[in-house]
Structure formats: structure tokens, C-alpha cells
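Below: the structure, in C-alpha cells.
Laboratory data are not the source of any read-out in this text; all were calculated from the coordinates shown. Owing to the predicted nature of the structure, the values given are computational and were not obtained by experimental measurement. We place every Cβ from the backbone using ideal geometry, glycine too, and count neighbours over all the protein chains shown.
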Amino acid sequence: SNFYIYLKKLVETPNDRFTVFKNPSDDNVPYRIPAIAKTLNGDLIAVADYRYSKADIGMATNGKLDLRFRIKDHATGEWSKVKTLVASRGEGAQTISFGDPCIVADSESNRVMVTSCCGNVSFPSGTHENHQGWARFYSEDGGQTWGDYTDISQQVFDQLDKRSDGNIRCFFIGSGKIEQSTTVKKDKYYRLYLAALVKVGNGTNTNYVFYSDDFGENWN
């Protein structure tokens, strides 16, 4: 209650639009599922899937997906070349593909975090024992370089398996932006929020909100 919505008409010029991820015409591998964040110094970081398989994780046999990114320099206004945040690593449990990225840049430091789905199992086909993973990546220099992934899927199962109706089957973290609070702060970081789609034991899809007070190390 007691809020206002302001509308402003955008007057476009030819320079107002820029294709951040251009689908190449030669091999027809599509980019999909973009996410974007602004760093402490004002740079923009855009992340997206590069879908060799042209399908969601687990929908194609051993379908490979990379995460790729570009950075717009705040000082120059120029976008960097497309770079690979993490490359799919062929056949394997959780390393065959990484997709549906979420991103957040800390409001008080140069830390940036990306999470993504990973693996070779689709969300609809997931079971408690065989499911998509949840990968986490950190950058300590405003998104210029990235560390290797950590699979933090078990944090979700450890908590949601405590439901009164039994274990969950699988989950899917909603891609896009991770929100950071401007008011709730514990120790070093303002609180993070993201959305999760969870298939509970009877097969019903349920939404949860997860939060973290240590910039994604631990989620509740």
C-alpha cells in the first residue's frame, strides 16, 4: 500500500540498442537465458547460456551448455568480447552442462556471484537420487575472472527433506537476478534472495524463497 508508479516514455535513438549476445549464423548455436548485474564501480556484467544442444539441461542426450559473459566498462562504455565463464566438460554427472544463470554483484565490494543449474538431468525428470545440480561461481575482481564451480545442491536437500510429507524430489533455481537487500545486513554482507521451484514428494511443484547472509556461502 501507499506506493506510486511513475511511467516515462523512452525516446529511442539508434544508439539506444545493442545486441549483447548475437546468435552466430554459421553454426546456429543459440544464446538463451540472460542475466545482468551492475558492479560496485558501475560496470555491467551480462551472462547467458551458450546452448550447443539447442535444448534445456537434460533434454538432449549429453547436451552441452556453456556459460558465457561480457562486461560493459563503465568508464569507456565499451563491451568486452564474449568470454567463457565455464565450459561444459563432456560426458559426466554434473559437469556436462551449466545453464540458467543467476547473478548478483555485492553492493559494497568487488565480489560477484553466479549460480546456475548443472548436470545432465532435466528438472521434470529429476528424482531425489538423480537430479540437476546447483553450481556456484565467485569472482573477486568485479567479474573479470572466475573461480571453478562448487556444487551446493545438498544445502537445499538438507533443509527441504525435513518437510512433514517426506523428501523432495528435485529443485530448480529460477534464472535471472539474485536480489540483494538494502536494509538487512548481517556481519559483512547484505542479505541475498532468490526463487526456487521445488518438486515435493507427491510430484507437486512448489515455490520457495531462499536467502543468504554470507553472500551465497550458505542458504536458508
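At-a-glance table
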| item | result |
| --- | --- |
| Volume per residue that the Cα convex hull of segment 59-133 spans, once the total is divided by residue count, Å³ | 118 |
| Taking the C-alpha atoms of segment 92-193, convex hull volume expressed per residue in Å³ | 118 |
| For the chain, the fraction of alpha-carbon pairs in successive 5 Å shells from zero, as % | 1, 7, 13, 17, 18, 16, 12, 9, 5, 2, 0, 0 |
| Under Karplus coefficients 6.51, -1.76 and 1.60, residue-wise ³J(HN,Hα) of segment 202-211 in Hz, glycine/proline x | 8, x, 6, 7, 10, 9, 10, 10, 9, 9 |
| Reach of Lys22 by Cα under 18 Å, taken over aspartates and glutamates that are not fewer than 8 positions away in the same chain | Asp49, Asp66, Glu78, Asp100 |
| Extension gain (nm, one decimal) between Ile5 and Phe157, 0.36 nm per residue minus Cα-Cα | 50.8 nm |
| Environment charge at Thr150 (Cβ cut-off 14 Å; Lys +1, Arg +1, Asp -1, Glu -1) | -3 |
| Estimated D of segment 25-107 in µm² per second, where Rh is the Kirkwood radius over Cα pairs and Stokes-Einstein applies at 37 °C, 0.692 mPa s | 241 |
| Viscosity 0.890 mPa s, 25 °C: Kirkwood-radius Stokes-Einstein D of segment 93-146 over Cα pairs, µm²/s | 201 |
| Given 14 as the ceiling on other Cβ atoms within 10 Å, longest exposed-site-free region of the chain for chymotrypsin sites (Phe, Trp or Tyr not before Pro) in DSSP loops | 19-220 |
